[in-house]
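Read through the structure below, which is laid out as C-alpha cells, and then see the notes.
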Amino acid sequence: MCNTHFENRGSKSEIETGLGFMPKFDADGLIAAVVTDADTNEVLMVGYMNAEALRRTIDTGEAWYWSRSRQSYWKKGETSGQIQKVREILTDCDQDALVVKVKVEGNGATCHVGYQSCFFRKIERADDGSVSLSLSGGERVYDPEDVYGKK
C-alpha cells in the first residue's frame, strides 16, 4: 500500500544523533506511540504501530495503529469520525518510541468511552495504603452508545 521506507538500524551514534529515521520495533514488531493534542500537548492515548501502520500514518497524514486485541490495522476515527490528523511525529533518542501530535476531527474526543483523553482518571493512595482511581479529565464529550451502539 505504501512506498515509504525506513533506513536500516545504524551505529549507536547514527541512531541517537543522526538524521536517518531507523525505528526500532519490539519483538512483536511494534513501536509505542504516545498521542498528544498538537495544540495543547495533552496526552490523548497510547497506541502501537507496526511498520505498515507507521508507513500508512506518514503517507496519509492520518493516524493508523496495529490493534493488538483484534490483530488488525486500525485507522483511528474510522467508525467514530474522530480522525486523528497528524501534525508532527517525534521519535526519542533510541528511536524506539514515538510522540504523534494530532488534531482530532469530529467531536474532538479520542477515548472510545467518551472522554477527550483516554487518561481521564488518576491513581490515588489513601492513608491506609489502599489505591483507587478518581476522575481527573472532565466530563464525557459523547455517549459511546450513540457512536458505537454499545457501551
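Of the strands (runs of 3 or more DSSP E) contained entirely in region 19-70, not one carries at least 1 residues that are touching a His at 6+ places or on another chain (Cβ under 7 Å).
Scanning region 1-18 for residues that are in a helix (DSSP H, G or I) and aliphatic (A, V, I, L, M) returns a single hit, Ile15. Answer yes or no as to whether Glu62 is of a type outside the set (A, V, I, L, M), without any contact (Cβ under 8 Å) to a residue 24 or more places away in the chain and surrounded by 14 or more Cβ atoms within 10 Å (Cβ to Cβ). Against the criterion (of a type outside the set (A, V, I, L, M), without any contact (Cβ under 8 Å) to a residue 24 or more places away in the chain and surrounded by 14 or more Cβ atoms within 10 Å (Cβ to Cβ)), Glu62 does not qualify.
Filter region 127-151 down to the residues that are in contact with a strand residue (DSSP E or B) (Cβ under 9 Å, 6 or more places away or on another chain) and surrounded by 13 or more Cβ atoms within 10 Å (Cβ to Cβ) and list them by number. Selection gives Gly137 alone. With the condition kept exactly as written, say whether any residue in region 112-120 is over 18 Å from Val43 (Cβ atoms), of a type in the set (A, V, I, L, M) and either touching a residue at least 60 places away in the same chain (Cβ under 8 Å) or assigned to a loop (DSSP other than H, G, I, E, B) (or both). Checked region 112-120: no residue is over 18 Å from Val43 (Cβ atoms), of a type in the set (A, V, I, L, M) and either touching a residue at least 60 places away in the same chain (Cβ under 8 Å) or assigned to a loop (DSSP other than H, G, I, E, B) (or both).
So that you can scan it fast, the table gives a plain yes or no per residue for (1) within 25 Å of Ser72 (Cα to Cα); (2) exposed (fewer than 13 other Cβ atoms within 10 Å of the Cβ); (3) in contact with a Leu (Cβ under 8 Å, 6 or more places away or on another chain):
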site	(1), (2), (3)
Ser11	no, yes, no
Pro23	yes, no, yes
Asp26	yes, yes, no
Met45	yes, no, no
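In this structure, is Lys103 modelled with pLDDT of 95 or more and out of contact with any Phe, Trp or Tyr (no Cβ under 9 Å at 6 or more places or on another chain)? Please lay out each step first, then the result.
Working: modelled with pLDDT of 95 or more: yes; out of contact with any Phe, Trp or Tyr (no Cβ under 9 Å at 6 or more places or on another chain): yes.
Taking the combined requirement at face value, the residue satisfies it.
Suppose we keep only residues that are under 14 Å from the mean Cα position of the chain (by Cα) and either modelled with pLDDT under 95 or hydroxyl-bearing (Ser, Thr, Tyr) (or both) within region 59-73. Which one would you say is farthest from Met45 (Cα to Cα)? Quick ask: steps written out before the conclusion?
Of the residues in region 59-73, the ones under 14 Å from the mean Cα position of the chain (by Cα) are 61-68, 73.
Checking which are either modelled with pLDDT under 95 or hydroxyl-bearing (Ser, Thr, Tyr) (or both) leaves us with 65, 67-68, 73.
Numbers: Tyr65: 12, Ser67: 13, Arg68: 15, Tyr73: 17 Å.
Once the filter is applied, the top-ranked residue is Tyr73.
Is at least one residue of region 90-105 in a loop (DSSP other than H, G, I, E, B), surrounded by 12 or more Cβ atoms within 10 Å (Cβ to Cβ) and among the small types (Gly, Ala, Ser)? Within region 90-105, not a single residue is in a loop (DSSP other than H, G, I, E, B), surrounded by 12 or more Cβ atoms within 10 Å (Cβ to Cβ) and among the small types (Gly, Ala, Ser). Residue pairs whose Cβ atoms lie under 8 Å apart, separated by 6 or more positions or on different chains, with the first residue in region 128-144 and farther than 14 Å from His112 by Cα and the second of a type in the set (A, V, I, L, M), are Val131/Ile123; Ser132/Ile123; Ser132/Ala126; Leu133/Ile123.
Filter region 89-102 down to the residues that are touching a residue at least 12 places away in the same chain (Cβ under 8 Å) and over 12 Å from the mean Cα position of the chain (by Cα) and list them by number. Write out each step before concluding.
Filtering region 89-102 down to residues touching a residue at least 12 places away in the same chain (Cβ under 8 Å) leaves 89, 91, 93-102.
Within region 89-102, Thr91, Cys93, Asp94, Gln95, Asp96 meet the criteria.
Yes or no: Lys85 within 25 Å of Phe119 (Cα to Cα) and either modelled with pLDDT under 95 or not aromatic (Phe, Trp, Tyr) (or both)? Judged against the criteria, Lys85 is a match.
The values are calculated or read from the model by the stated rules, or taken from the named source; none is laboratory data. Note that the structure is predicted; figures quoted are calculated from it, not measured. Positions of Cβ are generated from backbone atoms using ideal geometry, with glycine treated the same way; all protein chains shown enter the neighbour counts.
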